[in-house]
Structures are given as structure tokens and as C-alpha cells.
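Take a look at the structure below.
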Amino acid sequence: EKLIGFEALIRWIHPENGFTPPGDFIPIAEETKLIIPIGRWVIWEACRQLKGWQTKFPNLNITVSVNISPEQFKDNKLIDEIREILDESKLDGKFLKVEITESAIMENPFEVTNRLIQLREMGIQLHVDDFGTGYSSLSQLHRFPIDALKIDRSFVISMGESQENMEIVRTIIALAHNLGLSTVAE
């Protein structure tokens with residue numbers, strides 16, 4: 001077994017209420033569009049931290065995954081901001097993985113493809129997060145420049161309890177394999 005990477009996840013410890021689950025504050029941040037500066041900060045911190053580790057441990061060959069929310073992905077400044085973050089942090093794009101949900105990808109396929117291509121040109125790896133829970137058109141999936149499908153945890157956790165969930169996971173893995181994509185079990 002070998003460590004290959006990390007996923008940067010945001011958590012909030014409220015000064016009065018203590019730990020606040022992401023499900024309680026992320027939807028509000030999405031709705032108010034505060035998710036855009038929050039997401040930018042998460043990308044910056046993830047890249048800064050990984051570059052710091054690479055400087056301290058020069059042979060460290062790991063990646064960091066960052067979730068991009070649908071609202072953040074629609075932001076016209078996203079590509080330039082990621083380019084700037086990579087430049088300022090001096091992190092090579094090949095060490096960054098961007099995770100985008102199925103629903104964000106299917107919302108506007110032409111614009112999404114253009115953004116994904118621009119991210120790929122920076123060397124960034126592209127993953128479809130929570131795969132199996134959205135409404136993706138399987139006939140269009142192969143058109144997107146993505147590297148991996150991340151199987152939603154709801155299927156992975158209940159594989160042993162349900163033959164249907166086991167078959168869903170097998171089908172997603174076969175689909176990914178046939179499209180030349182990697183899979184990640186959440």
C-alpha cells in the first residue's frame with residue numbers, strides 16, 4: 001500500500017456552536033455565492049500546503065484533490081484564478097486534482113467542456129465526483145476530457161448489504177474501464 005494523495009475538505013468550527021457539518025453551511029454558501037471566495041481559498045490553501053510538503057520532502061510524489069462546487073465552476077474567473085494560484089504557489093498542475101459533480105458537468109456541456117479543456121491544459125487531473133447520484137447522460141460522458149469517476153460513497157458503503165449496489169459499483173467500474181478512465185471508491 002502506498003499513499004498517493006489527499007483530498008482537501010472544508011470544515012467549520014463555529015465559535016459558539018462548535019463543529020458545523022458541511023451539509024449545514026455549504027448549501028447556504030452556494031445559495032449566497034459565498035462558495036466562490038470560499039472555494040478559491042480552499043484551492044489556494046491546498047496548493048500552498050502541498051507545495052510546502054514538497055519543499056520539505058523533495059521526493060514526495062502525491063496529489064491533492066479539491067472539490068469545485070457547481071456555482072464555483074460556473075464562475076467566469078475560475079480558470080484564471082486557478083492558473084494564478086498554481087503560479088503563485090509554484091505547484092505544478094499535475095499535482096492538483098479537481099473534482100466536479102455530475103450535475104455541474106451536465107448543466108451546460110459546451111461551456112463545461114471548454115473549461116475542462118483549459119484545466120487539463122494546466123496539467124490538472126479531472127474527476128467526476130459522486131458519480132452515480134446525478135443525472136449524467138451516459139451518451140455524452142465520453143465527450144468530456146475527464147480522468148476518473150469517483151463512485152459515490154452511498155454505493156460503496158452498502159455494497160455488502162445489497163446485490164443491487166454491488167452491481168451498480170461493478171457497472172460503474174466497467175463503464176470507466178471501457179472509457180479509459182480510472183475509478184475511485186469514496
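The values are calculated or read from the model by the stated rules, or taken from the named source; none is laboratory data. Worth saying up front: this structure is predicted, and the values here are computed from it rather than measured. Positions of Cβ are generated from backbone atoms using ideal geometry, with glycine treated the same way; all protein chains shown enter the neighbour counts. Just so you know, the surface numbers come from the protein's heavy atoms only, side chains and all, with ligands and any DNA or RNA stripped out. Shrake-Rupley method; radii C 1.70, N 1.55, O 1.52, S 1.80 Å.
At a glance:
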quantity	calculated
Only one of THR63, THR101 that is closer than 18 Å to ILE124 by Cβ and modelled with pLDDT under 95	THR101
Which listed residue is of a type in the set (Gly, Ala, Ser) and either in contact (Cβ under 8 Å) with a residue 24 or more places away in the chain or open to solvent by 40 Å² or more (accessible area, probe 1.4 Å) (or both), from GLY23, GLY52	GLY23
Residues (outside any helix (DSSP H, G or I) and farther than 22 Å from LEU116 by Cβ) located in the stretch 128-186	SER158, MET159, GLY160, GLU161, SER162, ALA185
Count - residues of the stretch 45-74 that are β-branched (Val, Ile, Thr) and farther than 13 Å from PHE6 by Cβ	2
Unique match (being more than 18 Å from GLY123 (Cα to Cα) and either in contact with a strand residue (DSSP E or B) (Cβ under 8 Å, 6 or more places away or on another chain) or without any contact (Cβ under 8 Å) to a residue 40 or more places away in the chain (or both)) among GLU71, GLU45	GLU45
Positions within the stretch 26-45 being buried (at least 16 other Cβ atoms within 10 Å of the Cβ) and over 24 Å from ASP87 (Cα atoms), in sequence order	ILE26, ALA29, GLU30
Count of residues meeting criterion [touching a Gly at 6+ places or on another chain (Cβ under 7 Å) and either open to solvent by 20 Å² or more (accessible area, probe 1.4 Å) or within 20 Å of GLU84 (Cα to Cα) (or both)] in the stretch 55-64	2
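Quick grid of which residues meet (1) assigned to a helix (DSSP H, G or I); (2) over 23 Å from PRO70 (Cα atoms); (3) at pLDDT 95 or above:
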site: ILE10; (1), (2), (3): no, no, no
site: GLU16; (1), (2), (3): no, yes, no
site: PHE19; (1), (2), (3): no, yes, no
site: ILE26; (1), (2), (3): yes, no, no
site: VAL42; (1), (2), (3): yes, no, yes
site: CYS47; (1), (2), (3): yes, no, yes
site: LYS51; (1), (2), (3): yes, yes, yes
